[in-house]
1. Pull out all pairs, ordered by first then second residue, where Cβ-Cβ is under 7 Å, the residues are six or more apart or on different chains, the first lies in the range 20-49 and is over 13 Å from Glu8 (Cα atoms), and the second is aliphatic (A, V, I, L, M).
2. So which residues in the range 7-33 are assigned to a loop (DSSP other than H, G, I, E, B) and within 18 Å of the chain's Cα centre (by Cα)?
3. Could you run through the range 34-79 and say how many residues are assigned to a helix (DSSP H, G or I) and at pLDDT 65 or above?
4. Listed residues Thr24, Thr28, Thr19; which is surrounded by fewer than 11 Cβ atoms within 10 Å (Cβ to Cβ), in contact with a strand residue (DSSP E or B) (Cβ under 8 Å, 6 or more places away or on another chain) and at pLDDT below 90?
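The values are calculated or read from the model by the stated rules, or taken from the named source; none is laboratory data. All values reported here derive from a predicted model rather than from experimental measurement. Because the Cβ atoms are built from the backbone with ideal geometry, glycine has one as well, and the counts that use them run over all protein chains shown.
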Amino acid sequence: MSDDDSIEVSIKLQRGTGTDNRDTWTVTVSGESIDEVDSKVRDLREKAEAWAVEFRQIQPDDSRTAHLRDDQSRLSEADS
């Protein structure tokens, strides 16, 4: 099979609906045959599930804004 005959599949997945709980993944898998692409997609799905669990544990660091007043909407207001 020549390079022109290879198969490439791009997949975009989104989990969640809100800004704070949404994950978007875009992956591209290629191979010389449907069976090869299918195998790679299965392997990637297993790995992506593990990555997703790890990535969901990442939370924003509140230490950068902890000094701001609750009603303060801009950093420039801290000098007032």
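1. Every condition considered, the pairs that remain are Asp23/Ala52; Trp25/Leu13; Trp25/Ala48; Leu44/Val27; Leu44/Val29.
2. Matches in the range 7-33: Gly16, Thr17, Gly18, Thr19, Asp20, Asn21, Arg22.
3. 24
4. Thr24
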